[in-house]
Protein chains: 2
Amino acid sequence: MAELVGNCLIGQSGGPTAVINASVAGIVAEALNHECIEEVYGSLNGVLGLLGEDFVDLAAESQQAIRGLRFTPGAALGSCRSKLKKPAEFERVLEVFKAHNIRYYFHVGDADSQENAAKIAELAAAQSYDLRVIGVPKTIENDMPATDHCPGYGSAIKYIGATVKELALDAEAIGQSDLVTLVEVMGRNTGWLAAGSSLAKRRDHPNDPPHLVYLPEVPFTNEKFLDDVRRVLKREKHCVVVVGEGLVDKDGNYVAVETSSNDAAGHTSLGGVGELLKDLVEQQLSVKARVARLGITQRSAAHLSSKTDADEAFLVGQAAVKAAVNGETAKLVTLVRGDGELYTCETGLSNLSDVVGNVKRLPKEWINEDGISLNFQFFRYATPLIQGEVTVPYDNGLPAYAKLARENVDKTLPGFEG
Amino acid sequence: MAELVGNCLIGQSGGPTAVINASVAGIVAEALNHECIEEVYGSLNGVLGLLGEDFVDLAAESQQAIRGLRFTPGAALGSCRSKLKKPAEFERVLEVFKAHNIRYYFHVGDADSQENAAKIAELAAAQSYDLRVIGVPKTIENDMPATDHCPGYGSAIKYIGATVKELALDAEAIGQSDLVTLVEVMGRNTGWLAAGSSLAKRRDHPNDPPHLVYLPEVPFTNEKFLDDVRRVLKREKHCVVVVGEGLVDKDGNYVAVETSSNDAAGHTSLGGVGELLKDLVEQQLSVKARVARLGITQRSAAHLSSKTDADEAFLVGQAAVKAAVNGETAKLVTLVRGDGELYTCETGLSNLSDVVGNVKRLPKEWINEDGISLNFQFFRYATPLIQGEVTVPYDNGLPAYAKLARENVDKTLPGFEG
């Protein structure tokens, strides 16, 4: 295979995670190892930067800043929820790539956004423009197919697990009378995040909080929910309930949908299921209930990242560069779990086309028959993903997160009139 | 002064904090140093334990468990929001104290709940029952008078500051179009917690997030709020707003009050101001807004406690025992800040009667004229309180918090029919 010499470009897309920047750090660190990669650019705000030719020079960043990305939440290059749609937009991207001799494009994003990466690779091939496109997985929701688990998930459930533990201690402290604590977590279509809260239970203590976990995989009914809560309140002085925002009823309709939404991708805005169940509990059971809606903190609480997760996020970034330099294109880097008793994990590759449009669901056989708890298969799967703590430096009492200098790359093309 | 030999009892009251258990640890550790203190008991669920004679033997707990209390959130002895009111209840408490030869009573609670401690001390004196009652301050709200600051506050604002920093990075990442992030924090009557979010700003970077901080001390108007947000959105790509739940309008009425409430102390349930301002922003400015309501996590996120705060919480516990052994009673332990340039802090004593019913407000002269930011006096005050991180042990990926064995003390009296 002929060596491909040129510049590389990194783009981030979709909702940030605690470790998406760690993947960028992995790409930058590895890119600098390969002489065939000349410049290392970042696209600002994902596809918006691709269209607008808004690039920054990542090789000009300090070592400190790149190292700092390994524990900095958010998306250091900026993200976006827009997707390329029109043929003219894809043509523009290729034009921009050619203008900057971009030969390596790394797209850090969820399954949905990898569609753009796949199409860019396709168009480049059709135009015989030698370009290597590698997708790097990220999402706290863990719903990307092809990969055993997804960078971002481990840190999210470490945060959720720790927070549920802390909220349960608070509830226990003031729970001398009946008290229901509802914790609403993200999860549009799958219960991966809600399930992760079960890690707060000690081994062999199934009655530990969270007492009830409601997953989008199990159709929700008010009657069963109220029965479940009643049963726990008979046994315990308080009840901790974790609910996924994407809970659905028997007919597959979301239990709670919020109205106001300007989501560019046209998603309905989920959420509010916690408040809804709070009202239900207070009205039907006449006990006090309170809601903790973890919201955006689930994907940004990098001060409590999983070291395993952060390291794997860095690893998939490195692996993306190695794959591209080795001639791969239109591939997604995946995480492949070893078969042994002890957890091991290495990277693999999957076709981007196998990923786009597919969702990895929480296996139904990991959910107990009661519909509100997970069995040992889930614990065996998820426990290794939250191991280890990231050492975040503190400055004056608060986490010292990295900030890129963002030295602009000169534009060479006229502006794009989409 | 004659040595007073007998048993000691500890009670916790009000909403838990990240460090209220550290104060209990301080009391237990110090009590074991004094031979005049024979047994060390804990009252379960505050005044409920006093009435019900529900005591546990804290000297029987392992060293590990007591040490673990230094970083365990919640209230290890259980708390409650009830207050003693009827004379018969106070009589009962004295009866229970006499039955167990309680000669030292330590009440860890906020200003409101110290009223009970004061009255118990008064009644004991009236009955010539030799009892020493010392109040130990706790509240995340920092509104206790007499003390420079209150244990619980430093950890709460460290968590709030770090979370605002993380949420701001998330917002910046996806804020390629206008985006308003509203962070709702606690604070029934004072802006101490909301003000603490300003610590997320770097020194000499007044334009850092949080861009706007709304305090209960400054009457709120929709017009000014919308003007403020417009101004920030002209300057920045996104706007981070911190709002205290206790925001009031020109007439002193809460801006947002929630309806359903079973609060035993008869407080109205505050909250929802974030959602209210979200609707306002979306309707009036046609920009996307989102709410992070930090809720109970503010007082329970012990994994991110301030070491300064946790150490001071332990210190006030120790100081309470020393004061009692030295013959003091009806006093509150306070924190007294040194006059020097470098932060130092020691304990003092105040009369319980000076504390009850009083609120320490955020000084108006610490708020800038713009009404939405704090000046150097606040930073000088608050910055030392969040310094240092507590080393929480992790077990299997999650914080390993302590759990007391709670060995019951035998009851000797018939039950109380209140």
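Table for the structure above
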quantity: Size of electric dipole in the stretch A:98-218: Cβ of Lys, Arg +1 and of Asp, Glu -1, about Cα centre, debye, nearest 20; calculated: 560 debye
quantity: Value at 222 nm in deg cm²/dmol, rounded to 500, when DSSP H runs of n ≥ 4 in chain B each add -39,500 (n - 2.57); calculated: -10000 deg cm²/dmol
quantity: Listed residues A:PRO363, A:VAL108, A:TYR41: farthest to the positive end of the dipole of chain A (Cβ charges); calculated: A:PRO363
quantity: Assigned charges on the beta-carbon of Lys, Arg, Asp, Glu; the stretch A:1-146 dipole about Cα centre (debye); calculated: 280 debye
quantity: Stretch gain in nm, segment A:LYS234-A:ASN368, where the contour uses 0.36 nm per residue and the Cα spacing is subtracted; calculated: 46.1 nm
quantity: Pairs of alpha carbons in chain A whose separation is greater than 32 Å (percent); calculated: 38 percent
quantity: Nonlocal amide H pairs with A:CYS345, under 5 Å, H built at 1.01 Å; calculated: A:GLY338
quantity: Residue-averaged beta-carbon neighbours from other chains (10 angstrom radius) around A:297-305; calculated: 6
quantity: Degrees separating the helix B:273-285 axis from the principal Cα axis of chain B, which is the longest one; calculated: 0 degrees
quantity: Degrees, to the nearest 10: A:222-235 long Cα axis against longest axis of chain A; calculated: 60 degrees
quantity: Residue-wise HN-Hα coupling along the stretch A:401-416, computed from phi with Karplus coefficients 6.51, -1.76, 1.60 (Hz; x: Gly, Pro); calculated: 8, 7, 9, 6, 6, 6, 6, 5, 8, 4, 7, 10, 10, x, x, 9
quantity: Peptide A:195-204, shielding by other chains (average Cβ, 10 Å cutoff); calculated: 1
quantity: Formal net charge of residues neighbouring B:GLU417 (Cβ-Cβ distance under 15 Å; K, R +1; D, E -1); calculated: -1
quantity: Rounded, prolate or oblate (a/c below 1.5 giving rounded, otherwise prolate when a/b exceeds b/c) for the protein assembly as shown by Cα gyration tensor; calculated: prolate
quantity: Closest approach to the B/A rotation axis among chain B Cβ atoms, residue and whole-Å value; calculated: B:ARG293, 3
quantity: Exceeding the 29 Å Cα-Cα cut-off - candidates A:LYS83/A:LYS403; A:LYS237/B:LYS307; A:LYS234/B:LYS307; calculated: A:LYS237/B:LYS307; A:LYS234/B:LYS307
quantity: Distant-in-sequence amide H partners of A:LYS288 (H built 1.01 Å from N, under 5 Å); calculated: A:VAL180
quantity: Copy-to-copy label separations for A:ASN207, where each label sits 7 Å from Cα toward Cβ, in nm and ascending; calculated: 5.9
quantity: Cross-link partners of A:LYS360 among aspartates and glutamates (Cα-Cα below 13 Å; sequence separation of 8 or more within a chain); calculated: A:ASP110, A:ASP112, A:GLU141, A:ASP143, A:ASP148, A:GLU217
quantity: Equivalent ellipsoid semi-axes - Cα gyration tensor, the stretch B:1-151, angstrom; calculated: 22, 19, 14
quantity: Taking A:LEU332, B:LEU285 and counting other C-beta atoms within 10 Å, the order from fewest to most; calculated: B:LEU285, A:LEU332
quantity: Debye-sum result for the stretch B:1-70 in log10 I(q)/I(0), which assumes one identical scatterer on each alpha carbon, at q = 0.13 Å⁻¹; calculated: -0.38
quantity: Karplus 3J(HN,Hα) series, Hz, for the stretch A:52-57 with 6.51 cos²θ - 1.76 cosθ + 1.60 (x for Gly, Pro); calculated: x, 6, 9, 10, 10, 8
quantity: Alpha-carbon spread of the stretch A:173-302, three principal axes, descending order, Å; calculated: 46, 35, 25
quantity: Ranked B:SER198, B:SER82, A:SER23, criterion: other C-beta atoms within 10 Å, fewest first; calculated: B:SER82, B:SER198, A:SER23
quantity: Within 10 Å of each Cβ in B:284-296, the average number of Cβ atoms from other chains; calculated: 4
quantity: 7 Å along Cα→Cβ, label-point gaps from A:ARG380 to other copies, nm, shortest first; calculated: 6.2
quantity: Beta bridge orientation in the protein assembly as shown: antiparallel %, DSSP, nearest 5; calculated: 35 percent
quantity: Order by protection proxy (mean Cβ within 10 Å, highest first), peptides A:168-177, B:243-252; calculated: A:168-177, B:243-252
quantity: Across the identical copies, how the A:VAL257 labels are spaced - nm, sorted shortest first, 7 Å along Cα→Cβ; calculated: 3.5
quantity: Neighbour net charge for A:HIS205 - beta-carbon separation under 15 angstrom, K R +1, D E -1; calculated: +1
quantity: Order by protection proxy (mean Cβ within 10 Å, highest first), peptides A:9-15, B:225-231; calculated: A:9-15, B:225-231
quantity: Principal-axis tilt of helix A:20-31 within chain A, Cα atoms, nearest 10 degrees; calculated: 30 degrees
quantity: Candidates per GluC sites (Glu not before Pro) in the stretch B:279-353, loop by DSSP, up to 13 other Cβ within 10 Å; calculated: B:GLU341
quantity: Spatially proximal lysines relative to A:LYS364 (Cα-Cα < 17 Å; intrachain offsets below 8 disregarded); calculated: A:LYS250
quantity: Neighbour-count order for B:VAL242, B:VAL133, fewest beta carbons within 10 angstrom listed first; calculated: B:VAL133, B:VAL242
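Bear in mind that the values in this text are calculations on the coordinates, not laboratory data. These numbers were taken from a predicted model, which means no experiment stands behind them. Reconstructed Cβ throughout: ideal geometry from the backbone, glycine too, with neighbour counts over all protein chains shown.
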